[in-house]
Amino acid sequence: MAVQVQGEVLSIRRVGAYNAMTVVAPGIAELTRPGHFVAVQVGGPESSMLLRRAFAIYDVKERGVYGGTVEFVFAVHGKGTAWLASRRPQDKLDVVGPLGKPFRLPTSRVNATLVGGGYGAAPLLPLASALRERGSRVDFVLGAGSADRLFGQLDAKRIGTTIAVTTDDGSVGERGRVSDVLPEVLDRTGSEVIYACGPMAMLKSVSAIAAERGIPCQVAVEESMACGIGVCMTCVLPVIGDDGVSRMVRSCVEGPVFLGDRVRWDDVGTVPSDVLGAPVPVASTGGGN
Amino acid sequence: MSEMTVRRHVAPPLPHVDLSTKLAGVTFPNPVFTASGCAAAGQELDQFFDVTDLGGVVTKSIMLAPRSGRPTPRMAETPSGMLNSIGLQGPGIDAFLEKDLSWLADRGARAVVSIAGGSVDDYTKLAQKLRGRPGLTMVEVNISCPNVEDRGQVFACDPVAAAAVVQAVRRNTAPGIPVFAKLSPDVTDIVAIARACVDAGADGLSVINTLLGMTIDTTTMRPALAGITGGLSGPAIRPVAVRCVWQVHQALPDVPVLGMGGIRTGLDALEFVLAGASAVSVGTTVFGDPTAPMRVLYELAHALAERGIDRLSDAVGLAHRPPVAYVPEEPDPVGDELPVVRTPVGFEEERA
């Protein structure tokens, strides 16, 4: 169950290359679990930008002084996010959430490694807190292109037992990718589960490492969406179902969290010939909305 | 989940306007529908508002077999609009009947089922599968998907092909269930296609489907959509849609029209009604504003009330009436060059 709320910006702050925005949005915080996301209208009521922007939820407070708040982290990619970055406290913001399927928490105490790429680390921090509350051990691997694109290092140090950091340019932590250090972290911590959020290429490599070791791995994917609520069919990717059949599934309602070994990483952006309803390779017979 | 956390949109009371509308013998309580491909089969939107409050739920076009659709990226935002090349992804008619139509029927929603096929035979079979199904209120025949590699396969671009499909669906659909043909604006003469559909038995017309469009990513220097071209929708196409509704209503004033194309507000909906639509579909706007259909309904009711119109049906096609006397109170500084149409002013008979 999601709600549409006319929210109000409470604060916006710069965090390295990113922006963290907190919105008073009563009704969303109470329903949010780690891994959920919000979809935000941009440009105001007369905007020529019709589509919502989706962001993973970083933090919620059910009862602040101002009512329930939701915090999310975003990078400026285009006009919509530039508009969002120019919002100031008390500006109105239309928010829909919480959306999607959240991370599933283990029923017993486990050792968990959380792998975040860039601001993909944002939803992992509330997840880490939830795991810790259940007595699990949490270790972090955070990676980014450069130091200013690392997110959540301080939180991760506070919540996690250990934290490993990589950057592509070596400006902080080890030079390289999270997948370069992940095997060593898994060995050292005896991790039994992996959770990951970040760019698709990173999720693919993390899923591969998890599969090699037979460790269950949940990943939160980032696909471009128009609605975030399951009606537009734009955010699909090929995923193997419980019945072994691959389908083009919506990352907004069937995801964004998937089991890493169910996503057909090499086929993302294509329609593999064995997915349900794939076109017969003869002449195409149509298409449309 | 407690009841308290369930916050669906509760519609404010509507003004006293008779919003009911008749489409080919079937009365709908109000004229605001969803648009095919913009509301799935209603379940997702039902968390935001009660889908039975809609005039009707127009479901995403369903085909005979499950269909994966096209690769991603399938969507590109454009000024006041978007391009899509979904490629009719869907579960196929059998799964649709079992999961989606039955849900709409149980829910008490008025289901307008959109069907799409690659041949006349496909449409015949789809109509046969739908026949007698509870919850089915109307059939919308999608003959105008723009996302095809072969433009010759767009039935709505050819009057003969359009007529053949419509005739097949009408013959295989229960009497009392209106069959509407959804037209493409990408034709030279939309009235010719409209006439062909009506002559073939269409009870009404859905006007319009998306326009074929394209955008190129200047960073990758490649088409932004994996499907290269896509269907353009949203407020950007509204004037095209209003023009099409106008032309169709002018030529075929007795044929009910379900109007759609970029409706975002109640006044947008009123434009379509004034052009000749007996009902409207709210489509792309739902992606950015899931409760939009209820807001449009509310705003439309108020817009009618503000204009002293008690019944929606009185407003249908009203823009086609002859110009009325208009005498500006003072000379219009910018309108001087425009001819002012004046009709003779009548006076009461002089009393003895």
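Annotations
- Placing unit charges on each Cβ (+1 for Lys and Arg, -1 for Asp and Glu) gives chain A a dipole about its Cα centre, and among A:11, A:202, A:77 the Cα reaching farthest toward its positive end belongs to A:11.
- Bins of 10 Å, starting at 0 and running to the largest distance - Cα pair percent for the range A:3-99: 18, 55, 26, 1
- DSSP beta bridges in the protein assembly as shown [antiparallel fraction, %, rounded to 5]: 50 percent
- The range A:49-136 - charge dipole about Cα centre, Lys and Arg +1 at Cβ, Asp and Glu -1, debye rounded to 20: 120 debye
- Convex hull per residue volume in Å³, alpha carbons only, for the range B:168-285: 126 Å³
- The smallest convex shape that holds all Cα atoms of the protein assembly as shown, its convex hull, gives 198 Å³ per residue.
- Taking other Cβ atoms within 10 Å as a rough exposure proxy, B:193, A:240, B:263 sort from fewest to most as A:240, B:193, B:263.
- Anisotropy class of chain A from Cα gyration tensor, a/c 1.5 cut: oblate
- For the segment A:41-51, counting C-beta atoms of other chains within 10 Å of every residue's C-beta and taking the mean gives 5.
- Counting neighbouring beta carbons within 10 Å and listing from fewest to most, the residues A:103, B:287 come out as A:103, B:287.
- On Cα atoms only, tilt of B:238-251 relative to the major axis of chain B in degrees: 70 degrees
- Working note: Debye formula, equal point scatterers on the alpha-carbon atoms of the range B:3-320, no solvent; log10 I(q)/I(0) at q = 0.09, 0.14 Å⁻¹ is -0.41, -1.04.
- Unit charges on C-beta of K, R, D, E only; dipole of the protein assembly as shown, Debye: 1460 debye
- Counting DSSP beta bridges with both ends in chain A, the antiparallel % (nearest 5): 60 percent
- Around the amide H of residue B:211, modelled in the peptide plane, lie the amide H atoms of B:232, all under 5 Å away and 5 or more residues distant in sequence or on another chain.
- Angle of helix B:190-199 to the longest C-alpha principal axis of chain B, folded into 0 to 90 degrees and rounded to 10: 70°.
- Least to most buried among A:248, A:21, A:200 (fewest other Cβ within 10 Å first): A:200, A:21, A:248
- Lysine pair count for the protein assembly as shown with Cα-Cα distance under 20 Å and sequence separation of 8 or more or different chains is 13.
- Mean separation of Cα contacts under 8 Å, 6 or more apart, over the residue count of the range A:227-278: relative contact order %: 38 percent
- Projecting the Cα atoms of B:63, B:249, B:288 onto the charge dipole of the range B:3-320, computed from C-beta unit charges around the Cα centre, puts B:63 farthest toward the positive end.
- Once divided by 2.2 N^0.38 Å, the Cα radius of gyration of the range A:227-278 becomes 1.05.
- Computed Rg/Rh of the range A:103-222, alpha carbon atoms with Kirkwood Rh: 0.92
- Here residue A:132 and residue A:46 are evaluated by their C-beta separation; at R0 = 51 Å the FRET efficiency comes out at 0.70.
- Most mobile of B:284, B:220, B:210 in a GNM of chain B (Cα contacts under 10 Å): B:220
- Folded to 0 to 90 degrees: helix B:120-130 orientation relative to chain B principal axis, Cα: 90 degrees
- GNM result for chain A, Cα springs below 10 Å: residue of A:278, A:144, A:82 fluctuating most strongly: A:278
- GNM top mover of B:303, B:156, B:111 - chain B, alpha-carbon springs below 10 Å: B:303
Only the coordinates and a few stated rules stand behind these numbers; no lab work does. Please read all numbers here as calculations on a predicted model, not as lab measurements. Every residue, glycine as well, gets a Cβ built from its backbone with ideal geometry; the counts of neighbours run over all protein chains shown.
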